[in-house]
Amino acid sequence: MLDTQTLRVAFGVVTFTMLVLYYVVTFRPTRSPYCGWWCVALSLFLVGACAYLLNGTAQQYWANPAGNFLLVSGGAAAWAAARTLRARRPPLWQLSILPIATIVSASLDRPGTDVWAGGYIFLLSMSITFGLTTYELWQLDRDQTHIQVFLALAAGVSAVYYLGRWIAFLAEGADGDIFTRYFGSVPTTLLNLILLSVVSFSMSELSQEQTTKELTTRATRDGLTGVLNRAEFLRLAINDLRMLKRNSSYAALILADLDYFKTINDKFGHAAGDQVLVNFATACGHTVRSTDLVGRYGGDEFIIFLPGISLDRAEQIVNDINRQFVKLNGQSIKNSPADTLAGSTASYGVGVTEHGVLLEQTIGSVDAALYEAKQAGRNRVCFGAPVTKASDREVQPTKR
């Protein structure tokens, strides 16, 4: 039989080592919320394990309920860490319900003479917190990271194991043969040591993935609107244009310019101008497909690449974007002291391209069409002349 106290000391030493390494190597460089919450969880597990070392002494009456409280709080912190991975801020009151219930039940159940005082609430609370953690981790987009599977499995094993402990505790008590053999302090500490190592290393790997993702986003996305920046849009559009050969298809290209954008900035300030840019990007996101490309081409210019879309369908998409743009501007006006965005409109140049045509040629065609739309009074759509593989001369726009 392994000694429980010795295992708890080993658990505390390993937890402390994990905490120091994780804080120095992972949390300090990233300062990410989920890393911070996991550091909190490790700290709570560490202090909770230390509190249990006072069992069997005169301090047991307060140390044992405190240990239960700290371990459940650690489980709640792990749940909070998982929630932040989905950009969901955990409310403090939700995190405190189970820890408070745990310490109250333990304090009212002879904690000075019974190390399992309030055990039925403690075990159930641990199962619930790890179950909630499993749920949050399993909801993560698996296209973004594969590490969440290991984290979810580790949390799920803990949730099921503590549920088994709770059932065995209710069925036969802490002195029962099944509970002692399979769910007592010794096997639980050993299991927690294994899972703690798996989770900590997985969280470290996840942190690296998230950091890489953030750097990639900064390098490929416009910081204000969230759409592709010009360089990344051109790179992806060229790749998609090459893919058209396999499908024997075509693609529509839309170049949009916000009307009187400088006037909005000068008259109402750059905050209003930024809101107009964000509104237009949002309108595009609500309208186009997830496989389409939307980029910020210049200061107030946006470019959209629509594989498999005809010229007529592209015109319908432009109209849909306009409706969304007007709607979003109207919603923004409600929070403005003046009708800042009431006159915000956009002009468009639209064209169709196919495999074998240089992207620069099609951009030149729709850019000429956009210029015509601006010259004709703005807030309208003009169509660039078709650009074919054999065409290497400057094309003139046509208006419909």
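The values are calculated or read from the model by the stated rules, or taken from the named source; none is laboratory data. Worth saying up front: this structure is predicted, and the values here are computed from it rather than measured. All Cβ positions, even for glycine, are placed from backbone atoms using ideal geometry, and neighbour counts span all protein chains on display. These accessible areas exclude ligands, DNA and RNA; they are computed on the full protein's heavy atoms, side chains included. Shrake-Rupley method; radii C 1.70, N 1.55, O 1.52, S 1.80 Å.
Just a few scattered comments:
Quick grid of which residues meet (1) without any contact (Cβ under 8 Å) to a residue 60 or more places away in the chain; (2) of a type in the set (S, T, Y); (3) not in a helix (DSSP H, G or I):
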| position | (1), (2), (3) |
| --- | --- |
| A237 | no, no, no |
| A252 | no, no, yes |
| I264 | no, no, no |
| K267 | yes, no, no |
| D274 | yes, no, no |
| F280 | no, no, no |
| C284 | yes, no, no |
| G295 | no, no, yes |
| G298 | no, no, yes |
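- Being touching a residue at least 40 places away in the same chain (Cβ under 8 Å) and of a type in the set (K, R) is a description that applies to R8.
- Residue within segment 91-113 that is within 33 Å of the chain's Cα centre (by Cα) and of a type in the set (K, R) present: no
- Answer residue from segment 318-334, given it is open to solvent by 20 Å² or more (accessible area, probe 1.4 Å) and closer than 22 Å to L370 by Cα and is modelled with the lowest pLDDT among those: V326
- Here R110, R181, R165 are screened, and the one residue that is free of Cβ contacts under 8 Å to residues at least 60 places away in the same chain, charged (D, E, K, R) and under 15 Å from N64 (Cβ atoms) is R110.
- Residue, nearest to A314 (Cα to Cα), within segment 368-386, restricted to residues that are out of contact with any Pro (no Cβ under 9 Å at 6 or more places or on another chain) and either in contact (Cβ under 8 Å) with a residue 60 or more places away in the chain or hydroxyl-bearing (S, T, Y) (or both): V381
- With respect to the stated conditions, F268 fails to be buried (at least 16 other Cβ atoms within 10 Å of the Cβ) and at pLDDT 90 or above.
- For beta carbons closer than 7 Å, sequence separation of 6+ or different chains, a first residue in segment 131-160 that is closer than 13 Å to A81 by Cβ and assigned to a loop (DSSP other than H, G, I, E, B) and a second that is open to solvent by less than 70 Å² (accessible area, probe 1.4 Å) and at pLDDT below 80, the qualifying pairs are L140/L85; L140/Q148.
- Scan of segment 57-87 for residues that are in a loop (DSSP other than H, G, I, E, B) and touching a residue at least 12 places away in the same chain (Cβ under 8 Å), ordered by number: L85, R86
- Any hit, segment 341-354, residues being part of a loop (DSSP other than H, G, I, E, B), hydrophobic (A, V, I, L, M, F, W, C) and either open to solvent by less than 40 Å² (accessible area, probe 1.4 Å) or modelled with pLDDT under 90 (or both): yes
- Selected residue (criterion: nearest to the chain's Cα centre (by Cα)) from residues of segment 119-137 that are more than 19 Å from N64 (Cβ to Cβ) and surrounded by fewer than 20 Cβ atoms within 10 Å (Cβ to Cβ): Y135
- Lone unmet requirement of (1) in contact with a helix residue (DSSP H, G or I) (Cβ under 7 Å, 6 or more places away or on another chain); (2) over 18 Å from N192 (Cα atoms) for W79: (2)
- C35 meets all of the listed conditions (1) surrounded by fewer than 16 Cβ atoms within 10 Å (Cβ to Cβ); (2) in contact (Cβ under 8 Å) with a residue 40 or more places away in the chain; (3) farther than 20 Å from A159 by Cβ but one, namely (1).
- Residue match in segment 196-212 (condition: of a type in the set (V, I, T), surrounded by fewer than 17 Cβ atoms within 10 Å (Cβ to Cβ) and closer than 30 Å to F305 by Cα): yes
- In segment 7-32, the qualifying residues are those that are modelled with pLDDT under 85 and hydroxyl-bearing (S, T, Y), and the one that is surrounded by the most Cβ atoms within 10 Å (Cβ to Cβ) is T26.
- The condition (being modelled with pLDDT of 60 or more and open to solvent by 40 Å² or more (accessible area, probe 1.4 Å)) is satisfied by just one residue among Q396, Q361: Q361.
- Residue that is nearest to Q139 (Cα to Cα), among those in segment 88-100 that are open to solvent by 30 Å² or more (accessible area, probe 1.4 Å), of a type outside the set (G, A, S) and part of a helix (DSSP H, G or I): Q94
- Identity of the residue in segment 60-79, under 17 Å from I121 (Cβ atoms) and among the polar types (S, T, N, Q), that ends up surrounded by the most Cβ atoms within 10 Å (Cβ to Cβ): N68
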